[in-house]
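Remarks on the structure that follows.
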Amino acid sequence: MIKLYSPKRADHILTSLDDEIAFICRTLHLPTAMLKAVLYKEITELDLFDPLADAAVALNLQRTRLLQAFPEPHNSLQKFPVLRKYDSSTGYGQIFARTAILAIRFATDRGILSTEALGLGKSRVLSPDSPSDRAEIWRKLHFDHTFNLICTALNLIYAAWEMTGKTDFESLTPEEIKLVFTRYNADVRHVTLYGEITYRYYLHYLGR
């Protein structure tokens with residue numbers, strides 16, 4: 001499959017986001033090299049199927065809005081169902097809405113960041129099982145790259161907690177960091193090729 005971004009282009013994107021990434025990581029106490037490593041991995045893996053998946057989700061969410069506005073049983077929109085896809089990995093961090101919601105809930109529960117700071121309303125509890133919450137978060141992930149970067153960072157923090165029981169990244173061993181990268185991509189408990197490759201990118205961004 002044809003990749004959408006070359007390594008050179010991915011580097012250019014990350015360079016353009018340097019200040020934003022630094023601010024997010026400083027705020028969330030996350031090493032910038034970890035966020036950059038995941039972003040580089042995800043951006044360079046994007047292929048033609050990814051925008052098609054995003055387009056299917058966008059179409060279905062718009063279709064749902066129209067059906068809610070015009071709920072007549074014989075509405076023509078109901079006669080022509082499209083691919084029933086309501087979530088996809090999207091944006092630079094290639095993160096699903098459901099995944100982002102779980103990371104946001106973890107962050108708000110632990111006082112890391114509030115929903116108000118994320119522009120989602122004051123003291124709000126999102127549900128990964130709520131179609132409206134998933135739709136809202138997916139749209140923000142897809143259209144707001146800053147929100148996408150923040151959720152990518154929060155998901156790394158959540159992954160660290162799940163895999164190591166810690167969110168102090170300076171205390172993590174190389175093996176634990178690989179596990180964090182692995183968990184970002186898959187729900188497994190052993191280091192995968194994704195974790196190994198992303199760890200190598202992490203070392204690159206550390207300057208090692």
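The values are calculated or read from the model by the stated rules, or taken from the named source; none is laboratory data. All of these numbers come straight from a predicted model, not from anything done at the bench. SASA here: full protein model, heavy atoms, side chains in, ligands and nucleic acids out. Shrake-Rupley method; radii C 1.70, N 1.55, O 1.52, S 1.80 Å.
Over segment 86-144, what is the mean sequence separation of C-alpha contacts under 8 Å (at least six apart), divided by residue count, expressed as relative contact order in percent? Spell out each step's value before the answer.
Details: 62 pairs, mean separation 24.0, N = 59.
Worked out over segment 86-144, it gives 41 percent.
With a 1.4 Å probe and every protein chain kept in, tell me what percent of the accessible surface of the chain is carbon plus sulfur.
Looking at the chain in its full context, I get 56 percent from C and S.
Report W161's accessible area, 1.4 Å probe, all protein chains in place, as a number in Å² to the nearest 10.
Rounded to the nearest 10, the figure is 100 Å².
Percentage of Cα-Cα pair distances in segment 125-208 greater than 22 Å, rounded to whole percent? Before the final figure, lay out each step's value.
Numbers: 1209 of 3486 pairs.
The calculated P(r) of segment 125-208 puts 35 percent of pairs beyond 22 Å.
Going by alpha carbons, how many degrees (0 to 90, nearest 10) lie between the helix axis of 145-164 and the longest principal axis of the chain?
60
Checking the a/c ratio against 1.5 first, then a/b against b/c, what shape does the Cα gyration tensor give for segment 148-192?
Here segment 148-192 falls in the oblate category.
Let me have the relative contact order for the chain, percent, based on Cα pairs under 8 Å that are six or more residues apart.
Details: 245 pairs, mean separation 44.3, N = 208.
With pairs under 8 Å counted, the relative contact order is 21 percent.
Using only Cα atoms, tell me the angle between helix 18-28 and the longest principal axis of the chain; keep it within 0 to 90° and round to the nearest 10.
Tilt of helix 18-28: around 90 degrees.
Return the calculated 222 nm mean residue ellipticity for the chain, to the nearest 500 deg cm²/dmol, obtained by summing -39500 (n - 2.57) across DSSP H runs with n ≥ 4 and dividing by the residue count.
-20000 deg cm²/dmol
For a quick check of understanding: with a 1.4 angstrom probe and all protein chains in place, what accessible area in square angstrom does Y92 have, to the nearest ten?
Surface open to solvent at Y92 totals about 70 Å².
In bins 5 Å wide, starting from 0, what share of all Cα pairs of the chain does each bin hold, as a percent?
The percentages, shortest bin first, are 1, 7, 14, 19, 19, 16, 11, 6, 4, 2, 1, 0, 0.
Mind checking the per residue accessible area of the chain for me, 1.4 Å probe, whole number of Å²?
53
So what are the radius of gyration and Dmax for the Cα set of segment 26-71, in Å?
17.3, 49
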